[in-house]
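The values are calculated or read from the model by the stated rules, or taken from the named source; none is laboratory data. Every value quoted in this text rests on a predicted model; they were computed, and no experiment measured them. For neighbour counting, all protein chains shown are included, and Cβ atoms are generated from backbone atoms with ideal geometry for every residue, glycine included.
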Amino acid sequence: MKRRNVEALVLLVSICAVFGTLGWRMGGGNLINTLTNTAHNLLLNTVFYLMGITVLTGALSKLMAEFGVVGLLEKVLRPLMKPLYNLPGVAALGGVMTFLSDNPAIIALSKDKTFSSYFKKYQLVSLTNFGTAFGMGFVVIITMISYGQLGGALVGLFGALCGSVISTRIMQHSCRKAFPDMEAPVLDSLNEQEPEEQIEEQKKDSVFMRFLNAILDGGKNGVELGLAIIPGVLIITTAVILITFGPGPDGYTGAANQGVPILPWLAEKIHWVFEWLFGFKDMRLIAFPMTALGSVGASLGLLNTYNEAGILNGNAIAVFTAIGMCWSGFLSTHTAMLDSLGFRKAISKALGAHTVAGLCAGIIAHFVFLAFSLL
């Protein structure tokens, strides 16, 4: 039997097994209605909400770039890069750009010869982990704050920063140990002098026109980002909800956000691990970090459901912020990012380092939040 036929057969058997089991428990008609109603509910109440945030944050980030705030932040953060991350000072710009946009923003910088000339090869490869730890950070922080948990969001931001240091350092250590040739500079002309600033044409527009163009162009970028997260939110979040939440008060009715609580049932078997490490009292919360592995936008789609269920508190927000920012859907971007940089051999090490770092970020956020709660 040809491999393609085997794959098709395995896929059909898997689909029948999964949906057959869920349909047997929920009822076939209820299962289909729940799927469509959940996706529709996520589109209207989550995606458009997130798109509103991405439009506003996109406009703000573009405005900050236009009027030099991004450059100022990069200069302020530059002295921290060497002691914390073992990276040249210019790497701070990558952290700022991914925080304001998404993971792939680091790739455009890494491919710039002027920018990459400051790095050794192992440092350049570690930029994938460094940048990913800040991906969509602005959107995550603003979303968490919108639930009235400023303190939890700030603690989570601290946890994510710790996770970024852990991920970057582990990645560098692994690469230097496994690939000694990565000690070499990316370019022969490595130097640590101030990079030449890119010469731009003198802008002739008035301050008002620059302001207007910045917020409109940034808002347009926000719309594109909002559209880009639709597949992840609708597909991944719907699937996660389907195996996380149970029936409604009247049983299975085909309403949105119903399902068979398989994931909490599995988590309950080792509930003490999640309760001690993350402070999760309700095992349904474990769905957020699992979803963040593939898409942080999709994991944000769970917040409304958690909030309606009354299980979203300050500790959960802190842990979600830390893990959501640090992981940023790295399983769906790391491979492509490293491949585009030409370091495919380091993919497994990058994935391992970032998995550990995300877990550490969540643990740190939980215990810091717990410490502040006791004060």
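Could you identify the single residue in N307, N257, N315 that is in contact (Cβ under 8 Å) with a residue 60 or more places away in the chain, part of a helix (DSSP H, G or I), over 18 Å from V356 (Cα atoms) and in contact with a helix residue (DSSP H, G or I) (Cβ under 6 Å, 6 or more places away or on another chain)?
N315 is the lone residue from the list that is in contact (Cβ under 8 Å) with a residue 60 or more places away in the chain, part of a helix (DSSP H, G or I), over 18 Å from V356 (Cα atoms) and in contact with a helix residue (DSSP H, G or I) (Cβ under 6 Å, 6 or more places away or on another chain).
Applying the selection to the range 1-19, what residues are part of a helix (DSSP H, G or I) and touching a helix residue (DSSP H, G or I) at 6+ places or on another chain (Cβ under 9 Å)?
F19
State which residue pairs qualify: first residue without any contact (Cβ under 8 Å) to a residue 12 or more places away in the chain and inside the range 1-17, second residue of a type in the set (A, V, I, L, M) and surrounded by 10 or more Cβ atoms within 10 Å (Cβ to Cβ) in any location, beta carbons under 9 Å apart, and separation of 6 or more residues or different chains.
M1/L9
Specify the residue that is modelled with the lowest pLDDT; the eligible residues are those in the range 324-359 that are touching a Cys at 6+ places or on another chain (Cβ under 7 Å) and not aliphatic (A, V, I, L, M).
Looking at the filtered set, the residue picked out is K349.
What number of residues in the range 260-274 are aromatic (F, W, Y) and surrounded by 14 or more Cβ atoms within 10 Å (Cβ to Cβ)?
The total comes to 1.
Of the numbered conditions (1) crowded, with 23+ Cβ neighbours inside 10 Å; (2) closer than 14 Å to L359 by Cα; (3) modelled with pLDDT under 95, G301 fails exactly one; give the number of that condition.
(2)
For the range 315-342, which positions are under 24 Å from I364 (Cβ atoms) and more than 14 Å from the chain's Cα centre (by Cα)?
N315, A316, I317, A318
Looking at V273 and the list (1) touching a residue at least 12 places away in the same chain (Cβ under 8 Å); (2) closer than 20 Å to G358 by Cα, which single condition is not satisfied?
Here V273 meets the rest and fails (1).
Out of the residues in the range 330-347 meeting the condition of being touching a Leu at 6+ places or on another chain (Cβ under 7 Å) and of a type outside the set (A, V, I, L, M, F, W, C), tell me which one is surrounded by the most Cβ atoms within 10 Å (Cβ to Cβ).
Ranking the qualifying residues of the range 330-347, first place goes to H334.
Just checking, which of A316, A309, A350 is under 21 Å from Y147 (Cβ atoms), surrounded by 24 or more Cβ atoms within 10 Å (Cβ to Cβ) and of a type outside the set (D, E, K, R)?
A316
Go through (1) over 21 Å from T168 (Cβ atoms); (2) assigned to a helix (DSSP H, G or I) and name the single condition P289 misses.
Of everything listed in (1) over 21 Å from T168 (Cβ atoms); (2) assigned to a helix (DSSP H, G or I), P289 misses just condition (1).
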